[in-house]
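I have placed the structure first, in the form of structure tokens, so that the comments after it can refer back to it.
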Amino acid sequence: MQLEKPEDDESQMEDNTAFELPTWFRWATCVLALALIVPPTIFIIRYSLEPERFVTPADLGVIQLVLSGTLLLLLAMTPWKALGLRIRKVGFVEFERVRLLVQAMEMAIEDARFVSSQLLMSSSRLTSKKCKQ
């Protein structure tokens, strides 16, 4: 995720306002996040009281649910407008762009190696032809 200040020239909105989630979306996200946090937390507490009765939380992936819910809650409740920040790009689009740049760089390196090997071969041929004459 990439954040930016609203004063950036390339990303200015018409009214120059910061990013703000709608209230209904924030509440819905909070409910979803709490649904991901509360039941696993209760399970962890019950497991700590009677470990022989339950499967370990690590085997069920409970910790990942709690962390995902916490991150979701943090993103939903962050006062983006008060901080003066806006979300410009999220995840996969930017990742795809980085991946394409890395692939392009690798291809350029391979092409440069091929050209240099061809130049070395042709120069060695020229040298061998001159020696024979």
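The values are calculated or read from the model by the stated rules, or taken from the named source; none is laboratory data. In this text the structure is predicted, and so the values were computed from the model without any measurement. Heads up, the Cβs are rebuilt from the backbone with ideal geometry, glycines too, and the neighbour counts pull from every protein chain shown.
Just to be sure before I move on: is residue 32 in a helix (DSSP H, G or I), among the aliphatic types (A, V, I, L, M), modelled with pLDDT of 60 or more and within 22 Å of the chain's Cα centre (by Cα) in the structure I sent?
Judged against the criteria, residue 32 is a match.
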Restricted to the range 112-133 and to residues being of a type in the set (A, V, I, L, M, F, W, C) and at pLDDT 80 or above, the residue farthest from the chain's Cα centre (by Cα) is 121
Conditions (1) surrounded by 16 or more Cβ atoms within 10 Å (Cβ to Cβ); (2) modelled with pLDDT of 90 or more -> residue 19 fails only (2)
Going through the range 36-68 in order, the residues found to be outside any loop (DSSP other than H, G, I, E, B) and among the small types (Gly, Ala, Ser) are 48, 58, 68
